[in-house]
Amino acid sequence: MDKLWAGKSASELDALTDKFNRSLPFDKAMFKEDITGSMAHSAMLYAKGIISESDYLKITEGLKGILSDIESGVLTFDGGEEDIHSFVELTLTKRVGEAGKVLHTARSRNDQVALDLRMKLRSDAEKIKELLKKLISAFVNKAEETVDYVAPGYTHLQRAQPISFGHQLMAYANMFLRDLERVEDCLKRINVSPLGSCALGGTTYDIDRFMTAEALGFSRPCSNSIDGVSDRDFVAELAFVNSLIMTHLSRFSEEYILWSSFEFKYVDLDERFSTGSSIMPQKKNPDVAELVRGKTGRVYGSLMSILTVLKGLPLAYNKDMQEDKEGIFDSVETVKICLEISAEMLAVTVFNKENMYKAASRGFINATDVADFLVTKGLEFRNAYKITGRIVRECIAMGKTLEELSMDEYKNYSPLFDEGIYTAIDLTKCVKDRTSYGAAGFDSVKKQIAEMREIIK
Ligand code: ARG
């Protein structure tokens, strides 16, 4: 197969080296970006009087044809070209003749590949933003639906305090909102144009890098040509942002799996998002949540991979950098599908109010409120805590809940107790009274929901 760099070397490339060296099998994913970038480059070359009008017109027509032929499937990638840049340029020259050969004036594959990758990851990041918004909406909608569900809040996976279940869901909405902000921030650094950095040192041609940057929707051209071709920080950044999204999805998946277990039964798995067992007829498995949790591994893997590829690389371009693409492409595709399916699964999930309430009722989850009651009667918190500890210990021994203790029994622990204790430990009241900003109470959660809706609007 023809090489763009043919002419330098006398001998044919070893077949294994050829296979090893090629990136077309995966960088073909950037065909649109490569062609769009070339169109902007040739328009600039023409505007600056570097190429003729007739060459410019032939190049533009040729590139348009290549784009539509790839999109319609007429033109395929099975010719054995080295990479997408070679593929487009060689096809163009085949189609429009000598004009195709002027396209690469004042450009190198080094700035071209950086350009293509930035453009591709820019649109991927936009898509991820959209999917994050959908997921946040799904959490907000479910939180609204379950705002008056009393559930146990946990620490150490031990029942800790009663909360509105919507509060738990809004915690996830907040995580994904931070992810959304991180994608937006990362986009600022993705969106800088390396085009015109050429091989590494810029060019002696009178090019206009601001013109191509603007035409391709970048905020500006990068200000150092060596940095332009050797910077892959934006890949590592997106790989990290994706990894943190997966961390959050995975934490949610883990809870979802627990909630769907027989032991919790907060969720009855929807048939569309679970599978049965081939041998145990009673089973419904939370495969979707498990797969999301499992796929977190490969997304972390891409982050490790790009960091390791970049570590110790001398400036500027090195072929090692060809290893930047497969990992981040996989990371992006994985995150996209995981975001989408998690949002859909959540949207059809029916949470079981009764079972949550039951779980909240038997774990001495309102013990803090017993202590707080004594504090309102004038006792120091530490002493109130000690008395409550004894009550709980003895209740467990007797197999009783705090609600089941008689007034006489309470009085035995402290004369400060009166009938008011029963209202104080009522679960619904306990939740209702959590009114501090950002708290787990019904009204607080409603405020959070309204605020979040406003933010993602
Ligand atoms: N296929 C290469 C890559 O993905 C493109 C850049 C090649 N540049 C070079 N001087 N060999 O990184």
What are the residue pairs meeting all of these: first residue in segment 26-50, first residue in contact (Cβ under 8 Å) with a residue 40 or more places away in the chain and open to solvent by 10 Å² or more (accessible area, probe 1.4 Å), second residue among the acidic types (D, E) and assigned to a helix (DSSP H, G or I), Cβ atoms under 7 Å, and 6 or more apart or on different chains? F26/E326; E33/D116
Taking the condition open to solvent by 30 Å² or more (accessible area, probe 1.4 Å) and either among the basic types (K, R) or closer than 26 Å to D179 by Cα (or both), does T247 pass? yes
With respect to T105, is the statement that it is of a type in the set (V, I, T) and within 16 Å of the ligand (Cβ to nearest atom) true? no
Among residues belonging to segment 96-126 that are over 18 Å from the mean Cα position of the chain (by Cα) and of a type in the set (G, A, S), point out the one that is surrounded by the fewest Cβ atoms within 10 Å (Cβ to Cβ). G97
Residues of segment 314-335 being open to solvent by 40 Å² or more (accessible area, probe 1.4 Å) and away from the ligand (no atom under 12 Å from the Cβ), in sequence order, are P314, L315, D330, E333
Of the numbered conditions (1) in contact with an Asp or Glu (Cβ under 8 Å, 6 or more places away or on another chain); (2) surrounded by 21 or more Cβ atoms within 10 Å (Cβ to Cβ), S274 satisfies every one except a single condition; which is it? (2)
Quick count over segment 411-457, residues being closer than 20 Å to F176 by Cβ and touching a strand residue (DSSP E or B) at 6+ places or on another chain (Cβ under 7 Å), is 2
Of the residues in segment 154-190, those that are assigned to a helix (DSSP H, G or I) and of a type in the set (A, V, I, L, M) come to L169, M170, A171, A173, M175, L177, L180, V183, L187, I190
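Using the structure shown, decide if I387 is exposed (fewer than 13 other Cβ atoms within 10 Å of the Cβ) and among the aliphatic types (A, V, I, L, M).
Spelling it out, it is not the case that I387 is exposed (fewer than 13 other Cβ atoms within 10 Å of the Cβ) and among the aliphatic types (A, V, I, L, M).
The values are calculated or read from the model by the stated rules, or taken from the named source; none is laboratory data. All values reported here derive from a predicted model rather than from experimental measurement. Using ideal geometry, Cβ is built from the backbone for each residue, glycine included, and neighbour counts are taken over all protein chains shown. All accessible areas refer to the heavy atoms of the entire protein, side chains included, with ligands and DNA or RNA removed. Shrake-Rupley method; radii C 1.70, N 1.55, O 1.52, S 1.80 Å.
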